[in-house]
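In what follows, a structure is listed as structure tokens, so that the remarks can point back to it.
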Amino acid sequence: MLRTSIASITTKRTMITAHAVLYTQHGEPKDVLFTQKYEIDDDNLDSNSILVKTIASPINPSDINQIQGVYPSKPEKTLNYQTSEPAAPCGNEGLFKVIKIGSQVQNFQPGDWVIPSQVNFGTWRTHALGNSKDFIKISNKLTINQGATISVNPLTAYLMLTHYIKLNPQDWFIQNGGTSAVGKYAIQIGKLLGVNSISVIRDRPNLEEVKETLKTLGATKVITEEENNSKEFGSNIKQWVKETNGDIKLALNCVGGKSSSGIARKLGPNGLMLTYGGMSMQPVTIPTSLYIFKNFTSAGFWVTELLKNNKELKTKTLNQIIDWYEKGELKDAPSKDLEYDGNEELSKVYIEGIADKSGKQLVNYK
Ligand SMILES: NC(=O)c1ccc[n+]([C@@H]2O[C@H](COP(=O)([O-])OP(=O)(O)OC[C@H]3O[C@@H](n4cnc5c(N)ncnc54)[C@H](OP(=O)(O)O)[C@@H]3O)[C@@H](O)[C@H]2O)c1
């Protein structure tokens, strides 16, 4: 009798073996990332705990910069992953499914889709244990890519277009990096807000095809860096703006260098340029005359800082994006799907993804 009950207790007890991509030292991802296996006792959750399983997490440029140690916001190195020395988790956004909740947890149910409420949570891992304040519940009517990439790029595009200046229907914004994920959201959100856009992109063999794709998303005009830097071409831009009786009021810069001065020069008087990325690794250079004679303003934008202590703005922005997704009015920027099926090293999947420069990578967990 006693033997039977011990046996039944023994067989009931399960531990989840989670896998997480971590680093102890900063450096190039291929040199410093490793997979750590650690146990989660899912039979003894604290009353306020929520156990989630990862559905998918993307690789963003800032995730890579964080591993390299050149990004100002960094996850803390801890012993939480049962490593012998303090290690930090990778990945800042991702989509999880709730698999178990503690006895006191309200507002979350097993099966819910959730995203991390803050950056530095660590999303390149199979499972995570947190509590209600660590997660935001989102609609599970979204696609996996929409849910897994909702926290950074669509919010960035929406907030840059709405939070600083009022763009009216006759107005324009100009952006470089038009092919980036943020750029594609800005194009679509600009269209949804009823304003005009000029997207500057790098030349490429399939230029016309890419221009057409961006126009289908809602871009008013798509031009190359060369066109944007050409004095002769500048008269076309002036004509477009004249036709709407508006002004180019906002420039969105994620490239820097010559590209940033190219878009800044197109702004009308009192224009604002928001710099949110530096893909060319070149400093932002602005002609002095723009400041003096056009009252030009150059400012930085960082979604992490803007939303860190503004839960209300984050919720409002997320709800707007979810609403557009659910109505089919906003398309997610496509990702290249990578698959983790549990049979290979998790860190290897991300390292391969980082090496592939053909577009945004999304790791799907089977
Ligand atoms: N500050 C914030 O809050 C915030 C939020 C989100 C993203 N970001 C930043 O925004 C930028 C774009 O992010 P994303 O996730 O949208 O990127 P992404 O989808 O990976 O796209 C990268 C973009 O950068 C362009 N690019 C790459 N190398 C370049 C170079 N040497 N010169 C000029 N353009 C280059 C690419 O153009 P091609 O198509 O020509 O290759 C593409 O348009 C990144 O710097 C990211 O860190 C910042």
Q | Phi to ³J(HN,Hα) by Karplus 6.51 cos²θ - 1.76 cosθ + 1.60 over the stretch 359-366, Hz, x for Gly, Pro | A | x, 5, 10, 10, 8, 9, 9, 8
Q) Hey, rough spin-label estimate for Asp337 and Thr17, points 7 angstrom out along Cα→Cβ, what's it come to in nanometres? A) 2.7
Q. What full-extension length gain, to one decimal in nm, is calculated for Ser117 and Asn295 as 0.36 nm per residue of separation minus the Cα-Cα distance?
A. 60.3 nm
Q.
On a straight-distance basis, which aspartates and glutamates could pair with Lys37 in a cross-link, Cα separation under 12 angstrom, same-chain partners fewer than 8 positions away excluded?
A. Glu345
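Given contacts defined as C-alpha pairs under 8 Å and at least six residues apart, what's the relative contact order of the chain, whole-number percent? Present the calculation step by step, with values, prior to reporting the outcome.
Details: 705 pairs, mean separation 57.1, N = 366.
The value is 16 percent.
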Q: Output the relative contact order of the stretch 153-305, whole-number percent, from Cα pairs under 8 angstrom with separation of 6+ residues.
A: 22
Q | Reachable lysines, given that their alpha-carbon falls under 21 Å from the alpha-carbon of Lys30 and they are not under 8 places away in the same chain | A | Lys74, Lys77, Lys336, Lys348, Lys357, Lys360
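Under the rule of -39500 (n - 2.57) per DSSP H run of 4 or more residues, summed and divided by the residues of the chain, what mean residue ellipticity at 222 nm is obtained, to the nearest 500 deg cm²/dmol?
Numbers: 14 runs with 128 residues, N = 366.
Calculated from helices alone, the mean residue ellipticity at 222 nm is -10000 deg cm²/dmol.
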Q) Per residue Cα convex hull volume for the chain, in cubic angstrom? A) 151
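Over 19 Å between C-alpha atoms is what I'm after, so list which of Lys249/Lys311; Lys100/Lys137; Lys191/Lys331; Lys184/Lys311; Lys238/Lys266 land there.
Values: Lys249/Lys311 28 Å; Lys100/Lys137 14 Å; Lys191/Lys331 12 Å; Lys184/Lys311 25 Å; Lys238/Lys266 9 Å.
Pairs exceeding 19 Å: Lys249/Lys311; Lys184/Lys311.
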Q: For the stretch 135-141, take each phi angle, set θ = phi - 60°, evaluate the Karplus expression 6.51 cos²θ - 1.76 cosθ + 1.60, and give the result in whole Hz per residue in order, putting x for glycine and proline.
A: 10, 10, 7, 10, 4, 8, 8
Q) For the charge dipole of the stretch 153-305, defined by +1 on Lys and Arg C-beta atoms and -1 on Asp and Glu C-beta atoms about the Cα centroid, which residue among Val241, Asn295, Pro154 has the Cα displaced farthest towards the positive pole? A) Asn295
Q.
Counting C-alpha atoms alone, how compact is the stretch 112-193: give Rg to one decimal and Dmax as a whole number, in angstrom.
A. 15.5, 49
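Express the C-alpha Rg of the stretch 153-305 as a ratio against the empirical globular expectation 2.2 N^0.38 Å, rounded to two decimals. Present the calculation step by step, with values, prior to reporting the outcome.
On the way: Rg = 13.9 Å, N = 153, 2.2 N^0.38 = 14.9 Å.
Normalised by 2.2 N^0.38 Å, the Cα Rg of the stretch 153-305 equals 0.94.
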**Q.** the stretch 295-366 pair-distance distribution - Cα-Cα, 10 Å bins, rounded %
**A.** 15, 24, 33, 24, 3, 1
(Q) If the elastic network links every pair of Cα atoms under 10 Å, which of Ala299, Ala157, Ala219 fluctuates the most in the Gaussian network model of the chain? (A) Ala299
Q | Inter-label distance for Asn270 and Asn44, nm, one decimal - labels placed 7 Å from Cα along Cα-to-Cβ | A | 6.5
Q: Enter the Cα centre distance for the pair the stretch 221-275 and the stretch 131-181, rounded to the nearest angstrom.
A: 22
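Would you mind ranking Tyr340, Tyr38 by Cβ crowding within 10 Å, fewest neighbours first? Can you show the working numbers first?
Numbers: Tyr340 21, Tyr38 17.
Placing the least packed residue first, the sequence is Tyr38, Tyr340.
Taken together, the values in this text are just the output of simple stated rules run on the coordinates, not laboratory data. Bear in mind that the values here come from a model prediction, so they are computed numbers and not experimental data. Because the Cβ atoms are built from the backbone with ideal geometry, glycine has one as well, and the counts that use them run over all protein chains shown.
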